[in-house]
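Remarks on the structure that follows.
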């Protein structure tokens, strides 16, 4: 009988960072695919326009890594982007910040349970996974917006 | 200066299985939230109805784990579900199969590169991550379908 492999480590912090950045590159392409006006206005079923979802994602990137790293949970305070150029500029700034800050997370913090943004109690790793899953979730919604607008979304496979 | 933590293991095989099953519970609730007819018919922008996406997910669960485990990549062959009850029955069968098979994946297979379903070359862990991310992506799309139908989607937070 095969041995159960449940306790085998399958992902390192660096693997997770790389997966996040791969996902962020695809999300960036999704932002780019929207015509400027529709990025800020188009909506289905009363949902938020994708620019607002993307702003939420920006607020859950560097601030989440900072919180997991240090235990200081400070909301993202920059002005909300009003144009696609501003949104992409903020996105790119976070790409650099994420690469700089993520490798500095103290190892013990991944398993330490913390109160996240004064709301949810969870271990650091779960908070990071949540941020990534939330991004994939909203990007999937943006794909429907794009299709409804008659625009081909970026290839889900392409992450470079 | 803080030490870089890039090589710190942050997720075990069991953590990943649990995250997948948590996500699958939310996807199951999303299937349940659709009225039967809309599950198989409703579409936006020429996209597939959610029943078809869910069938794709079923084809990427046990078959992916089997392939990563053994190197045998066999397409899911069961008849496509024609009702919500059949779809949920197949979903639940995979839940049991996933719990049984995932812990049997030989540790070395997570990093071994394999040709997946005769199409893509990637390590076992990347294939599993892809399957999970693909599920989150399509479930996000189902949330837009539900909102467009005037139906409140299940809470994204609730994973029990």
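Results, tabulated for the structure shown:
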| item | result |
| --- | --- |
| Residue within the range B:68-81 that is within 23 Å of residue B:33 (Cβ to Cβ) and in contact (Cβ under 8 Å) with a residue 12 or more places away in the chain present | yes |
| Residues located in the range B:1-54, provided they are at the interface with chain A (Cβ under 7 Å from one of its Cβ atoms), over 19 Å from the mean Cα position of the chain (by Cα) and more than 30 Å from residue A:108 (Cα to Cα) | B:44, B:45, B:46 |
| Where residue A:140 falls short, out of the listed (1) touching a residue at least 12 places away in the same chain (Cβ under 8 Å); (2) under 30 Å from residue A:153 (Cα atoms); (3) facing chain B (nearest Cβ under 9 Å) | (1) |
| Residue satisfying condition, being on the phi < 0 side of the Ramachandran plot and at pLDDT below 95, within set A:33, A:2 | A:2 |
| Test: residue in the range B:96-105 that is within 10 Å of chain A (Cβ to nearest Cβ), more than 18 Å from the chain's Cα centre (by Cα) and on the phi < 0 side of the Ramachandran plot | yes |
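The values are calculated or read from the model by the stated rules, or taken from the named source; none is laboratory data. What you see is a predicted model; the values in this text were computed from it and never measured. Methodologically, a virtual Cβ is constructed for each residue, glycine included, from the backbone with ideal geometry; neighbour enumeration extends over all protein chains shown.
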